[in-house]
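Each value in this text was obtained by applying a stated rule to the coordinates, not by laboratory testing. Predicted, not measured: the structure shown is a model, and the values here were computed from it. No Cβ is skipped: glycine too gets one built from the backbone with ideal geometry, and neighbour counts run over all protein chains shown.
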Amino acid sequence: MSFVPIVCGKKDWDKQYDQSTQYSSLYCPNCHNFNVHPVKRREFISIWFIPVFPIFIGKQLVCPTCNWRQDFKNDEQLQKVVREQQNIRQGKTGG
């Protein structure tokens, strides 16, 4: 009788969403830095380092400093975040 270990894990890929400067250096509500940017994210369960089952495929805002993440669905939601960020920088409050 032989034993063959199966190595399982999770593999993540982040790809830059857009090269536009309006999406760079957004505000992070967790660490309060201005370096959040949008990415296309893919997460897979892997067996022997080979991605097999997708767990998540979507778009996220990510902070490289504190690893804060927030999902967004389309460009319309991303534009709304950019408008809110401009209000934050100008010192305006919602209401």
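What the Kirkwood sum gives for segment 9-90 is a hydrodynamic radius of 13.6 Å, with every pair of different alpha carbons counted.
For segment 50-82, the residues whose amide N sits under 14 Å from a probe point set 7 Å from the Cα of Asn33 along the beta carbon direction are 62-69. When only the Cβ of Lys, Arg, Asp and Glu is charged (+1, +1, -1, -1), the dipole of the chain relative to its Cα centre reaches about 80 debye. Bridging of Lys59 to aspartates and glutamates at a Cα separation below 14 Å is possible for Asp12, Asp14, Asp18, Glu43, Asp71, Asp75, Glu76, once same-chain residues fewer than 8 apart are set aside. As a rough footprinting exposure proxy, the listed residues Val62, Val82 were ranked by other beta carbons within 10 Å of their own, and the order from fewest upward is Val82, Val62. The angle separating the long axis of helix 75-90 from the principal Cα axis of greatest extent in the chain is about 50 degrees. Take the Cβ atoms of Ile45 and Gln79, set R0 to 41 Å, and the FRET efficiency comes out at 0.80.
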